[in-house]
Amino acid sequence: MGMTLMDNGLFVVCNEPHNIIFKFDLDASGENEAVPVELSISKMTWPRGIAASETDSCLYITDWNQIFGGKLWRYRYKRGEETRVTGPVAVLDVQPFGVSVSPKNDEVLVTCATPVDALHKRGWIYIYKPSGDEFPMTRTINLPDMEIPRHAILTASSRFFVCYGWTKWQNHAVTSFRDDEQGSFTVTTRAIYGCAKGGGDAGREVNRPLSLSRYKNQLIMVVDYGNSRIHALTEDFEQPRLLLTKGEHGIEFPRHVCRDPSSGRLYVGQEDGKVHIFDEH
């Protein structure tokens, strides 16, 4: 499951039905409150992540191929034109996971990785700069020794945050590093939060972190899938706290979280397809 917010709408993609984007109206009430509009990209096969560009009023969705590689789709919603048959804006030779849009310059970040059974674990952030109908890839950030990086975001302070780790043989963590803004580069120096081999459940550990999202006051939310909880971190990883947990809030195997800045509500999407809604924390 992937989720994002745009124009008072909550947009959700799931493995099934694989070609549908569900649009929930956040202003709806009564009988219409939980009835979504079904948007469709007819050739989408296995959606993994979704992000919104408020500037361009469009959605970006990462999509796996059956065996290897994938695609990146761009969707501009227009009432009466819910189904699209256009081609993808990018075709990838590695597996794409999460996607995000930079708040600084609307660059699109696609987080990619080698397969789980690859001998040498590594990942990449492919960065695209949309310009009208053109969609050039402008930079590549190499992420060596990170097992299956799932999601990356770039903050307004020019820091990248990446979550990674899946198997019991590798570290599970969130990492942070500075964007040198000089072009493509390989990450060599970084701060790390978590870093437990095979994942951990202590206060400052994570188990299969799947996605990241911006919270209020420049905090970062981390979806700790294996521990069924949401962390809130400062950009320097100081004074972390648990925002939502299974025991206190009833979330179970979360995959994504997003916050509506206008209402302060948090939306948590789970493995089972449910979306929990929490008022301002």
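Some observations on this one:
- Comparison of Gly194, Gly250 shows that the only residue that is at pLDDT 95 or above and either closer than 27 Å to Gly9 by Cα or small (Gly, Ala, Ser) (or both) is Gly250.
- Residue count for region 214-225 satisfying the condition of being open to solvent by 20 Å² or more (accessible area, probe 1.4 Å) and in a strand (DSSP E or B): 1.
- Any chance Thr4 is within 25 Å of Val223 (Cα to Cα), open to solvent by less than 70 Å² (accessible area, probe 1.4 Å) and not in a strand (DSSP E or B): no
- Restricting attention to region 207-258, the residues that are free of Cβ contacts under 8 Å to residues at least 24 places away in the same chain and among the hydrophobic types (A, V, I, L, M, F, W, C) add up to 2.
- Single match in Ala196, Ala202, Ala232 (criterion: of a type in the set (A, V, I, L, M, F, W, C), within 29 Å of Asp145 (Cα to Cα) and outside any strand (DSSP E or B)): Ala202
- The condition of being open to solvent by less than 50 Å² (accessible area, probe 1.4 Å), assigned to a strand (DSSP E or B), farther than 20 Å from Lys274 by Cβ and touching a residue at least 24 places away in the same chain (Cβ under 8 Å) holds for only one of Ile61, Ile21, that being Ile61.
- Test for Arg265: is it of a type in the set (D, E, K, R), surrounded by 15 or more Cβ atoms within 10 Å (Cβ to Cβ) and more than 19 Å from Val101 (Cα to Cα): yes
- Subset of region 165-191 that is closer than 17 Å to Phe237 by Cβ and β-branched (Val, Ile, Thr) - its residue that is most open to solvent (accessible area, probe 1.4 Å): Thr189
- Qualifying positions in region 239-255 - open to solvent by 20 Å² or more (accessible area, probe 1.4 Å) and not β-branched (Val, Ile, Thr): Gln239, Pro240, Arg241, Leu242, Lys246, Gly247, Glu248, His249, Gly250, Glu252, Phe253, Arg255
The values are calculated or read from the model by the stated rules, or taken from the named source; none is laboratory data. Just so you know, these numbers come straight off a predicted model, no measurement behind them. Cβ coordinates were reconstructed from backbone atoms using ideal geometry, including for glycine residues, and neighbour counts include every protein chain displayed. All accessible areas refer to the heavy atoms of the entire protein, side chains included, with ligands and DNA or RNA removed. Shrake-Rupley method; radii C 1.70, N 1.55, O 1.52, S 1.80 Å.
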